[in-house]
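Working notes for the structure below.
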Amino acid sequence: MSADTMRAVVQDTFGGPEALRVAEVARPVPLPTEVLVRVHAAGINPVDWKTRDGSGMAGLLGEPPFTLGWDVSGVVEEVGFGVTTLKAGDEVYGMPWFPRAANAYAEYVTAPARQFARKPATLDHVHAAAVPLAALTAWQAVVDTAQVRAGQRVLVTAAAGGVGHFAVQFARHLGAHVVATASAARHPWLKELGADEVIDYTGTRFEDATAGIDVVIDLVGDDHDLTSIRSLKVLRPGGLLVAVPAGVSPELAAAAEAVGVRVTPFLVEPDGTALTTIAALIDAGEVAVEVERTFPLEQAGAAHARGEAGRTRGKLVLTTEVGPGAN
């Protein structure tokens, strides 16, 4: 492999995990205001496998071929003209370009410098790569969109997942009373993260177990058991449902209006400033990051299969190490 090429996970057609393969591709070159980052690890998110099979946001990246991934942790290799905030050798993490292609499942990426932030000093690259998309989704939903305040009651569905475990911690950090849904095995861990109440969704309908909720951060959506519609039942009058995975259907909007609550769609966006704040919380011990398992680039398909099976605690992460094994 020459200095002008790199390893990357590519796919030529929409399909299952088997569509992912490692290939030698051209190494990107930073444009003015961009940085070239040597990727040490890349986080995996549900949007990745939904984009892979063509179901995500009506084909997020258009037709293949393309390279998936938005979560990056690595080291700045080169800076383009005009970059003043970062320099070669800086350890950074970020969620560049979303929802455009970032090509994070690769050894190098380029993106605007201000879409990155310095990596949390207390995290290795694997754990830092688990943060950006999930944590920014949680931060922008809880802090920017819902504007959660101390004393409010916040329900987080799918609380043990990547976004969920950050949403629980951010709501807790803001002083909210946090109600979380998860399988029983995750309850002790979520209480350690700051959940005040945890509901076992496998045996209890959350609308039968809680009420008077100010904000619902719904990370499931109506495609599974009408979770968003059901969330309306637990909201107080004027309360807010942030519908993260599927947006707001006409049926959901009408149902919310009928019971006097608010509902909003949501899509995460790059935010280096927020990542700097999140890094400070992590380094202060206020926020923990959970990685269930890592995979090398060559096992990206196996990583997707693991993620699609559900029940992941925290995040799955790809590493750019060469080798067949996974941790």
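The table below lists the values:
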item: Longest to shortest principal axis, alpha-carbon extents of the stretch 134-265, angstrom; result: 37, 32, 25
item: Taking the chain and dividing mean pair separation by its residue count, relative contact order in percent (alpha carbons under 8 Å, at least six apart); result: 19 percent
item: Rg over Rh [alpha-carbon atoms, Kirkwood Rh] for the stretch 254-327; result: 1.15
item: Coil-residue trypsin sites (Lys or Arg not before Pro) of the stretch 141-178, DSSP, other Cβ within 10 Å capped at 13; result: Arg149
item: Of the chymotrypsin sites (Phe, Trp or Tyr not before Pro) in the stretch 100-196, those whose Cβ has at most 10 other Cβ within 10 Å and which sit in DSSP loop; result: none
item: Sites matching trypsin sites (Lys or Arg not before Pro) across the stretch 188-273 that sit in DSSP coil, with at most 16 neighbouring C-beta atoms within 10 Å; result: Arg205
item: Share of alpha-carbon pairs per 20 Å distance bin for the chain, given as whole %; result: 33, 56, 10, 0
item: Nearest-0.05 FRET efficiency for Phe66 and Ala253, computed from C-beta distance (R0 35 Å); result: 0.60
item: Spin-label pair Arg262/Thr84, simplified geometry with 7 Å Cα→Cβ offset, distance in nm; result: 3.7 nm
item: Theoretical FRET efficiency, 1/(1+(r/R0)^6), r = Cβ-Cβ of Asp4 and Arg311, R0 51 Å, to 0.05; result: 0.75
item: Rounded to 10°, Cα long-axis angle of helix 250-259 versus longest principal axis of the chain; result: 40 degrees
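Throughout, read-outs are computed from the coordinates displayed, never taken from laboratory work. Quick caveat, the model's predicted, so the values are computed rather than measured. Note that we place each Cβ from the backbone using ideal geometry, even for glycine, and neighbour counts take in every protein chain shown.
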